[in-house]
Every structure is written in structure tokens, then in C-alpha cells.
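Remarks on the structure that follows.
Since every read-out is calculated from the coordinates, none of them should be taken as a lab result. Because the structure is a prediction, the values reported are computed rather than measured.
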């Protein structure tokens, strides 16, 4: 029996506006113990995602100020997304291929959920998919120049 992302996703996703600061996003990550927050514009459409890694590499390591707008450090290009009706197996494969640990779930141009690799791992029937995805995600990549 197929299971869909809507069955395992975290709904009520915390979001930040693209005009908020890196400091605000980092504070929310700390408060809620999360590593990624979708970024939305004023109409609620997802324009990017900001991760703890984005903050470290694009702000701290570059000597940027904590009051830098999120829009300057977020990942905005080619954001890997799923839909509520996507099969969990397809999502795991997509996450592995794209080497992402978190998959925003989008419906009608609005973020309606988030699926993390951990969500797959805690579902016994998806333990193999989670393991395969983690192996692919953990494959070392070359440093960006």
C-alpha cells in the first residue's frame, strides 16, 4: 500500500520572510531545534530555504553581519520540492539523488509541510530508503570555488 508525503510530513511549518535577518532565522533555529527554515515572500510563496549550513558558510565564514537579510544567504536556486501526493519511495529517491536531507512539500505554490530524512528513518517500512538516501547524501562532494 502506497504511502504519501502528506501521511508523514510535518505540517505547520515554521517559515521566515525573505526580508528577515540571518540573526532572526538563527534564533528561530535555536529555539525550535531545527536546521532549515523555508523562506517565503509577502504572498506566502516559497522563494528559498535557509539552513544552518547556509548561515555558517555564507554569513559567518564570509564575515557578514548577523543583520544581513536572509535573501542574501538563502538557497534560492533549484530548490528540491515534493508534493503532498508524492509517494514516499519517490521522495526518498529524489532526496538521495539531489543530496538533500529536508524536502519542502508544496501545494498551490504554498508550503504545506516538510519531510526530513529522519521522518523516513522512523517509519520501519522506509528504513531501507532512509539508509540509501543517507548514503547518497553523505557522499563527499568537491568544495565549491
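Assuming 0.36 nm per residue, please report the length gained on full extension of the stretch residue 23 to residue 47 beyond their Cα-Cα distance.
6.8 nm
Give me the percent of DSSP beta bridges within region 5-137 that run antiparallel, rounded to the nearest 5.
Of all bridge pairs located within region 5-137, approximately 85 percent are antiparallel.
Rg to Rh for region 5-137: what is it, with Cα atoms only and Rh by Kirkwood?
Taking Rg over the Kirkwood Rh, I get 0.98.
Remind me, relative contact order of region 5-137 in percent, using alpha carbon pairs under 8 angstrom and six or more residues apart?
Taking the mean separation of contacting Cα pairs over the length of region 5-137, I get 27 percent.
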